[in-house]
Amino acid sequence: MSIEKRNLRIMVVCNFLVGASTTMIMPFLSLYIKSLGHFSDEYVQRWAGFIFGVTFLVAFLMSPIWGRFGDRFGFKPILIITGYGIAASIFFMGMMKHVEGLFFLRMCMGIVTGFIPTSMALISSQTPRETAGKTLATLQMGSVGGTLFGPIIGGTMADAFGFKYTFIITAIAITISTTGVLFGIIEKKKDRNASQAKNFTRKDVIKRIVDHRILLMVMIIALLIQLANFSVQPLLALYVTKLTNGGNVAFLSGLAFSATGFGNILLTRQWGKLGDKIGHEKVLMLLLVLACIFIVPQALASSLWELILFRFLFGMAIGGMNPSITAFIRLEAPLGMQGEVLGYNQSFRFLGNVSGPVLGGIVSGIIGISSVFYVTGSLFLIAFFVLWISVHHDRNHHHLHHGV
């Protein structure tokens, strides 16, 4: 087996575990906070929001920094630091006796949540340009699978072993996988003259992103994807309640949520392969239109199964977006700044994670839950037109400079 294939397989497993760890707390977070003292429901709900959101907020600030360190010192050391850091944060969450301490540990977890973008940068740097889409899509299947099954695994373990041991078992699993990175991953050393890794300042990287309009645009689209997912996510249980008379609302809303993840995993790799053949920006434009087509009918669903069907189709569309964006960055950003550029891309995604629930809450509060689907659909459509304009501007600019 080649080094590249072995590295990819190890990172898929590690990304699954790290992706699962970041979402496993979701089903029982409020229950865990409640177990730490005698608190009112209002207090528990408020702190659950703070504790869940702070990880993404801090990660938003830290992602480009980890990417920059990776560009300078290699991606493997950053994977080891962040992997063991996540494991330590989760381990001590199980020992925590105070709500404020749990908040602090989730904040620490945000500091070291650079594992997945760093793994993307590592695999990207070792992947030929012509197969970048397929390879990065395969890698994303690990993290998507983790975030899909994380809440299920977390909820099941909490019921079986209790909160404390759920954190400990998860921490041990991530420690083992990070040790696999330590001994199993072989990182090719960069040719310093070719990559000029030491010569790119932070100002150079930001200037590259701002000047290269299409590069900035795909990052904004990365934000929109997360915004779309997270704006609906907190409201899904309430929406499912309107569509069914069944008593097991938690299970049914989980099913509606998971349908998107299953659709995501199903076609992710195929979209990546198509992008390698016809261009990742073309695939991205197609997927933005499909996402709009599949999200709007969710507002018109008259039964739960209609909602689940369209959420599954929506998942198939958005599954190819992030690999297309990452592969596009792989082609457009110089090797010596790829880690930092991917870090900024991840920051845009984390910003979507934080702002999505806020947007969904405001829109649903003013004009109802179903309107959130319309707003999200229009955002995808706007993103399509802006990307289309950016692609044509980029082509015209290229022809002008080459005298075509």
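The values are calculated or read from the model by the stated rules, or taken from the named source; none is laboratory data. All values reported here derive from a predicted model rather than from experimental measurement. Cβ: placed from backbone, ideal geometry, glycine included. Neighbour counts: every protein chain shown.
Return the residues of segment 7-40 that are at pLDDT below 80 and among the aromatic types (Phe, Trp, Tyr); say none if nothing qualifies. The answer is Phe28, and nothing else.
Name the helices (runs of 4 or more DSSP H) wholly within segment 219-311 that hold at least 2 residues that are under 20 Å from the mean Cα position of the chain (by Cα) and at pLDDT 80 or above? Give the steps one after another, and end with the answer.
On the way: elements: 236-243, 249-278, 280-299.
It comes to 249-278, 280-299.
One line per residue, one yes/no per condition, for (1) closer than 19 Å to Gly339 by Cα; (2) in contact (Cβ under 8 Å) with a residue 60 or more places away in the chain; (3) of a type in the set (Asp, Glu):
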{"site": "Thr113", "(1), (2), (3)": "yes, yes, no"}
{"site": "Leu122", "(1), (2), (3)": "yes, yes, no"}
{"site": "Val144", "(1), (2), (3)": "no, yes, no"}
{"site": "Thr156", "(1), (2), (3)": "no, no, no"}
{"site": "Thr170", "(1), (2), (3)": "no, yes, no"}
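Go through the residues of segment 173-183 one by one and say whether even a single one is touching a Ser or Thr at 6+ places or on another chain (Cβ under 9 Å), of a type in the set (A, V, I, L, M, F, W, C), modelled with pLDDT of 80 or more and surrounded by 21 or more Cβ atoms within 10 Å (Cβ to Cβ). Yes - at least one qualifying residue is present in segment 173-183. Could you please let me know if Phe348 is farther than 30 Å from Asp204 by Cβ and of a type outside the set (Gly, Ala, Ser)? For Phe348, the condition - farther than 30 Å from Asp204 by Cβ and of a type outside the set (Gly, Ala, Ser) - is not met. For the structure I just gave you, tell me whether Leu387 is under 20 Å from the mean Cα position of the chain (by Cα), assigned to a helix (DSSP H, G or I) and either surrounded by 24 or more Cβ atoms within 10 Å (Cβ to Cβ) or not assigned by TED's automatic domain parsing to the domain that holds Trp66 (or both). Here the answer is no, as Leu387 does not meet what is asked. The set of residues in segment 113-131 being within 18 Å of the chain's Cα centre (by Cα) and either under 16 Å from Val12 (Cβ atoms) or part of a helix (DSSP H, G or I) (or both) consists of Phe115, Ile116, Pro117, Thr118, Ser119, Met120, Ala121, Leu122, Ile123, Ser124. Residues in segment 95-112 that are basic (Lys, Arg) and outside any helix (DSSP H, G or I): Lys97 alone. Restricting attention to segment 51-66, the residues being over 16 Å from the mean Cα position of the chain (by Cα) and modelled with pLDDT under 85 number 0. Note on segment 154-171: residues that are of a type in the set (Val, Ile, Thr), within 19 Å of Arg106 (Cβ to Cβ) and surrounded by fewer than 20 Cβ atoms within 10 Å (Cβ to Cβ) amount to 2.
Just for segment 29-38: of the residues that are in contact (Cβ under 8 Å) with a residue 12 or more places away in the chain and surrounded by fewer than 20 Cβ atoms within 10 Å (Cβ to Cβ), which one is farthest from Phe115 (Cα to Cα)? Before the answer, list the steps.
So the first thing to find is which residues in segment 29-38 are in contact (Cβ under 8 Å) with a residue 12 or more places away in the chain, and the list is 29-33, 35-37.
Now drop any that are not surrounded by fewer than 20 Cβ atoms within 10 Å (Cβ to Cβ), which leaves 30-31, 35-37.
On the way: Ser30: 26, Leu31: 28, Ser35: 30, Leu36: 30, Gly37: 33 Å.
Filtering first and then ranking leaves Gly37.
Counting the residues of segment 89-100 that are more than 23 Å from the chain's Cα centre (by Cα) and closer than 21 Å to Thr175 by Cβ gives 4.
What number of residues within segment 287-302 are closer than 17 Å to Ile220 by Cα and surrounded by fewer than 18 Cβ atoms within 10 Å (Cβ to Cβ)? Counting residues in segment 287-302 that are closer than 17 Å to Ile220 by Cα and surrounded by fewer than 18 Cβ atoms within 10 Å (Cβ to Cβ) gives 1.
Among the residues of segment 356-374, which ones are in a loop (DSSP other than H, G, I, E, B) and either surrounded by fewer than 17 Cβ atoms within 10 Å (Cβ to Cβ) or in contact with a Gly (Cβ under 6 Å, 6 or more places away or on another chain) (or both)?
We begin by selecting, within segment 356-374, every residue in a loop (DSSP other than H, G, I, E, B); these are 368-369.
Hit for segment 356-374 is Gly368, nothing else.
Which of the numbered conditions does Val354 fail, given that it passes all the others? Conditions: (1) more than 17 Å from the chain's Cα centre (by Cα); (2) farther than 13 Å from Ala228 by Cβ; (3) not charged (D, E, K, R). Going through (1) more than 17 Å from the chain's Cα centre (by Cα); (2) farther than 13 Å from Ala228 by Cβ; (3) not charged (D, E, K, R) one by one, Val354 breaks only (1).
For the structure I just gave you, tell me whether Arg349 is touching a helix residue (DSSP H, G or I) at 6+ places or on another chain (Cβ under 9 Å), charged (D, E, K, R), over 22 Å from Phe385 (Cα atoms) and surrounded by 19 or more Cβ atoms within 10 Å (Cβ to Cβ). In short, no. Gly150 falls short on exactly one of the conditions (1) buried (at least 20 other Cβ atoms within 10 Å of the Cβ); (2) not aromatic (Phe, Trp, Tyr); (3) not in a helix (DSSP H, G or I), and that condition is (3).
Please go through segment 104-138 and give me each residue that is touching a Lys or Arg at 6+ places or on another chain (Cβ under 8 Å) and either outside the structural domain of Ile65 (by TED's automatic domain parsing) or over 16 Å from Tyr344 (Cβ atoms) (or both), ordered by number. Can you show your working first?
Going residue by residue through segment 104-138, those that are touching a Lys or Arg at 6+ places or on another chain (Cβ under 8 Å) are 122, 124-127, 129, 132-134, 136-138.
The answer is Leu122, Ser125, Gln126, Thr127, Arg129, Ala132, Gly133, Lys134, Leu136, Ala137, Thr138.
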